[in-house]
4 protein chains.
Amino acid sequence: MLPESKGQATAAVAAATPSTLVALLHGPDQPGLVARVAGWIFERGGNILHADQHRDTEAGIFFQRIEWEPANGDASADTSAFHRFAAGLGMQARVASSTHRTKVAVFVSKADHCFHDLILRSRAGDYTADFALVVSNHPDLGPMAAGYGLPFVHIPVTAATKAEAEARQIAVLRDAGIELVILARYMQVLSNDFLDGFGRPVINIHHSFLPAFAGGRPYHQAHSRGVKLIGATAHYATRDLDEGPIIQQDVARVTHRHAVEDLVRKGRDLEKTVLAQAVRWHLETRVLVYGNKTVVFD
Amino acid sequence: MLPESKGQATAAVAAATPSTLVALLHGPDQPGLVARVAGWIFERGGNILHADQHRDTEAGIFFQRIEWEPANGDASADTSAFHRFAAGLGMQARVASSTHRTKVAVFVSKADHCFHDLILRSRAGDYTADFALVVSNHPDLGPMAAGYGLPFVHIPVTAATKAEAEARQIAVLRDAGIELVILARYMQVLSNDFLDGFGRPVINIHHSFLPAFAGGRPYHQAHSRGVKLIGATAHYATRDLDEGPIIQQDVARVTHRHAVEDLVRKGRDLEKTVLAQAVRWHLETRVLVYGNKTVVFD
Amino acid sequence: MLPESKGQATAAVAAATPSTLVALLHGPDQPGLVARVAGWIFERGGNILHADQHRDTEAGIFFQRIEWEPANGDASADTSAFHRFAAGLGMQARVASSTHRTKVAVFVSKADHCFHDLILRSRAGDYTADFALVVSNHPDLGPMAAGYGLPFVHIPVTAATKAEAEARQIAVLRDAGIELVILARYMQVLSNDFLDGFGRPVINIHHSFLPAFAGGRPYHQAHSRGVKLIGATAHYATRDLDEGPIIQQDVARVTHRHAVEDLVRKGRDLEKTVLAQAVRWHLETRVLVYGNKTVVFD
Amino acid sequence: MLPESKGQATAAVAAATPSTLVALLHGPDQPGLVARVAGWIFERGGNILHADQHRDTEAGIFFQRIEWEPANGDASADTSAFHRFAAGLGMQARVASSTHRTKVAVFVSKADHCFHDLILRSRAGDYTADFALVVSNHPDLGPMAAGYGLPFVHIPVTAATKAEAEARQIAVLRDAGIELVILARYMQVLSNDFLDGFGRPVINIHHSFLPAFAGGRPYHQAHSRGVKLIGATAHYATRDLDEGPIIQQDVARVTHRHAVEDLVRKGRDLEKTVLAQAVRWHLETRVLVYGNKTVVFD
């Protein structure tokens, strides 16, 4: 097992700082929302640290991310009270404590670049999260996970056993109390049954091209087409894989001098940074999903 | 004179939309500020459209940009009342109406790339501003200004006549009611007397390099040093030219294949886009200056 | 008419520098090609200034851009001799003189941002080209063209008159000796008959998105989808509009705070810079097309 | 020890491909150089795969990177012959075989982000190099190095022992046959004696800002100044640390919302990618140094 980095110590110190609450809320726009939310917190003795609002004027929807220190540090009472308050306004709310460490499972297949990147960032104290579990349809990365001291669950998936395998995946995730699944180049499409059964967010990363390419071997297609940019997109997994709400995107420049292998290598670097940023925003309760898009309060 | 583009028509339509107020305020942080500001607007029947807050926790300063529709569209009463309200909180405030068209003067010397870029954006309706005046220490761009139908004032500047020339500049700006000066590659340093005498914002654009180069001919120095990036920085002019609060920065990649002329050309493109963005943010009342830095509510 | 900028003077000076030849050649790879081409130039007393090679190892094709000073400045003899030499090697060659000013026509509809940008760059001496003609299916930009002292030809296009209109376009281009057409937001699809009849390069610019969107109003679709990047692609027009060989691409970052109008505005800025760069590379004989892709010797 | 990744297998396959030679040469420009170099290779039965030339017209210097397959794969004879040939032309040459695996030592202190990034890229088969040694002035990363199966040499450095410590470092590097040192956030300035004594390239990474900041705690200074971009620069270490020939630079965008810790974190990501790219170019014999600048044949 790799020794623990000093990130763990940093995380411990961070946990000692006073707890704050972060709420993401959205719903039908109406006059006075900003004042009513701020007033509610103020009256209960809370102190607002950050507040960011957005209006989708076409759709008539109001969005807000608001962070405050509750009076006496009584986070749990404020959390339930805020949910009731938001419901009274006809709004949907999600409230998270800044000290809550989200339990994360990483799904992998054979590629290990996003896997290493996420785990090393976690160990460096970048994320308020516990990476608790690695799940894979292949055994290859098992020793790597062991090297990091992480439980590794090998669940093979075939067309014939997919339903059964996914049921087992859900059972494993529930047993471990997992709150977020990250698909770190997991090369299997998750069924709707899995997504519904797990019932919690799943973040995926995939390559993106201008123009887009249907079919297999997209880097070969992009190379044949002579594209000058390649990209990566991180999004929440939904019933249409690769079509869920986009969290983050980025591109890198390529030229005719780059072979297909260079495109693949540059693509790996993009996938790492784009996925890492999307995961960070999610863990910091900065991503609000509505319809098929996101509002990222960065 | 170049015919008017359809931007003017767009601007006219925009002016017909209901007026909103935008306030930028900042001052010592204290609990309840968000609630009190939002409450004040709500009680007067206003509807908050956007609100963005920021805290400099080290310095203990609170910053806010807030935009609202005043009740009955009574913008001027709300403006003065808000100033009093902010003063009561110990905060500094600036309030602008969304329909106010800022009067702008552009200072130029001989280079015309930023000049054309700004004027064409203005004509395309990109800015809620009236470009009212072009001032130059050289006569060269006079015919260009005339082509756009813009008054052009040629005020030569020499070491001996600088004080006198600046006094005349200030007089011209005051007569025209100018509220913002843009230095679009104006190759003269403005004295503190000018900045104090004019008493309104001045935005400047200059090249930036990693590492920085002192002395003349910076593109030649950057080329000699083999830099891989060149940059441009837009900032408010202050007593130390090139050292005022930064509004926007950007860079472009260069290689050994680029001659000094290529660096200069790429620098021109950077200067155009960086200056245009800084001007846009300023005109939309998105830039709050404190100390020697800015908070840009983009 | 806008007065001429000092760019014209710069161009005049550039024309006084000694003429060089630039050859783009490609064909089946074979050992010794670099040596044979270099040897041919050397034996005739020429001095090679730049040479850049590329191999598509999968397709077995060799690509070269080579620039040299011919002995005694005898460019025209070298040009025809080089064509024969390349043919003897089984290669296709294109040879251009550095002092040749390409005759350019700009096609526009109503949008004027790319139009102004190209013309101003031309006037600044950025291009070794003569912008000789503006062609439009609408009369709107006629006065703008007149302001720049450029001939403007209004050729309306309807479904019924398209064939006839294109025939007239070709006639106009031929009369003016046009060697390159730039579609600067020209909102008509050119038919294969036009492309074949004109028989010279046509460069187009269009928006690009990740993911791509079929159908109309792409900026609205991108906004609905919550994309985090918007892009633009410059390419040679071919039988499949928007599908020809890509010359240059770039992207800009957008957030939920950007309305559709902001996406459109940022798209305009992208279109300007991407098209300007593609045109520059084409005019400097840096773009070699083969199959449906380009090799850009930048 | 972490298990070996499949990168090793990839590297083994690559080693089976036919060997090529890469020469970097530069010297006083003279007519016919391209033809003479290409002719020399051709006459010996070699096949040129890539050739890229550059001229610094101001300084009158010619630069070339040329890669060829030697006849009969006789790389070592060609290598010494090419050195003699280049010397005969008055040029300096460096020749490397594509199958040579450069022996690399990584110098670290306590920060581990660049360390992990380099080692994982090496294990993924990204580099034709053997990472043979980790040297540190602190013991902290010893267990990490052991986890990767890498020898770790702890050489403490104090002002009093610096000369002695550097002598020991040089001895260790020589014993291991190290050909390249990478300073992966090694927080000690190397003396001229070390650089002369080691006598081989040393690549360093450091942060860069617009404007530059002298003195300590640069991220704090950048935050106070409100910079909108932070950067990183990879360069060869020379007598003036942080002033050697630049290999690669990049920047990331920051806003007022980013605390100093965010700048530091974004800086770490920049440092990783910029250093990794610089190392790759160096290992692929793409970086030619002359004076205080580089020509990067990318």
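Considering only the label points, 7 Å along Cα→Cβ from Cα, what distances in nm to one decimal separate B:Tyr290 from the same position in each other copy, shortest first?
3.0, 5.3, 6.1
Run the dipole for chain D about the Cα centre, Lys and Arg Cβ at +1, Asp and Glu Cβ at -1, nothing else charged, and hand back the magnitude in debye, nearest 20.
600 debye
Roughly how many nanometres apart are two label points built 7 Å out from the Cα toward the Cβ at A:Ser19 and A:Arg200?
1.8 nm
Work out the mean other chain Cβ neighbour count within 10 Å for the residues of B:243-252 and drop it here as an integer.
The per-residue average across the peptide is 4.
In nm, give the distance between the simple-model label positions of C:Glu43 and C:Arg257, each being 7 Å from the Cα along the Cα-to-Cβ direction.
For C:Glu43 paired with C:Arg257, the spin-label model returns 6.6 nm.
Specify, for chain A, the residue whose C-beta is closest to the rotation axis mapping it onto chain B, with the distance given in whole Å.
A:Ala38, 2
If I take the Cα coordinates of chain D and project them onto the principal axes, what are the three extents in Å, biggest first?
Here the spans come out as 61, 46, 39 Å, largest first.
How do A:Glu43, A:Glu69, B:Glu164, D:Glu179 rank by accessible surface area computed with a 1.4 Å probe, from largest to smallest?
A:Glu43, B:Glu164, A:Glu69, D:Glu179
Suppose every K and R has +1 on its Cβ and every D and E has -1 on its Cβ; what is the size of the dipole of the protein assembly as shown about the Cα centre, in Debye to the nearest 20?
Once rounded to the nearest 20, the dipole reads 0 debye.
Taking beta carbons within 10 Å but only from partner chains, what does the mean come to for residues C:58-64?
Taking the mean over all residues of the peptide, I get 1.
Quick one: if you stick a label point 7 Å off each Cα along the C-beta vector at C:His138 and D:Thr57, how many nm between them?
Placing both labels 7 Å along Cα→Cβ, they lie 4.2 nm apart.
Every other copy gets compared here: list the nm distances from the D:Lys110 label point (7 Å along Cα to Cβ) to its counterparts, shortest first, one decimal.
List, nearest first: 4.2, 5.5, 6.4 nm.
For the protein assembly as shown, go through all pairs of different Cα atoms, get the mean of 1/r, take its inverse, and jot down that Kirkwood value in Å.
32.8 Å
Mind running the shape call on segment D:90-224? Use the C-alpha gyration tensor, a ≥ b ≥ c as the square roots of the eigenvalues: rounded below 1.5 for a/c, prolate if a/b tops b/c, oblate otherwise.
Because its axes are fairly even, with a/c under 1.5, segment D:90-224 counts as rounded.
At 7 angstrom along the Cα-to-beta-carbon line, where would the label on B:Ala259 sit relative to the other copies? Give the distances in nm, shortest first.
Label point to label point, same position, other copies: 3.5, 4.7, 5.1 nm.
By the scheme Lys and Arg +1, Asp and Glu -1, what is the net charge of all other residues having a beta-carbon under 14 Å from that of B:Gln221?
+1
Leaving out ligands, DNA and RNA, and with a 1.4 Å probe, what % of the accessible surface on the protein assembly as shown is carbon or sulfur?
Percent of accessible area from carbon and sulfur atoms in the protein assembly as shown: 53.
Among A:Ile205, A:Ile178, A:Ile247, whose mean-square fluctuation peaks in a Gaussian network model of chain A (Cα, cutoff 10 Å)?
Fluctuation is largest for A:Ile178.
Accessible area lost on pairing A with D, both sides, 1.4 Å probe, Å² to nearest 100?
1900 Å²
Evaluate the Kirkwood expression for the hydrodynamic radius of segment B:18-97, namely the inverse of the mean inverse distance over all pairs of different C-alpha atoms, and round to one decimal in Å.
Kirkwood hydrodynamic radius for segment B:18-97: 12.5 Å.
Which whole-number value in Å² is the accessible area per residue of chain B, probe 1.4 Å?
39 Å²
Using DSSP, restrict attention to beta bridges with both residues in the protein assembly as shown and report what percent are antiparallel, rounded to the nearest 5.
Here the antiparallel bridges make up roughly 70 percent for the protein assembly as shown.
Across the residues of D:266-278, average count of Cβ atoms on other protein chains within 10 Å?
Averaged over the peptide's residues, the number is 1.
The values are calculated or read from the model by the stated rules, or taken from the named source; none is laboratory data. Source: prediction; values computed, not measured. Don't worry about glycine lacking a Cβ; one is built from the backbone with ideal geometry, like all the others, and counts go over all protein chains shown. SASA here: full protein model, heavy atoms, side chains in, ligands and nucleic acids out. Shrake-Rupley method; radii C 1.70, N 1.55, O 1.52, S 1.80 Å.
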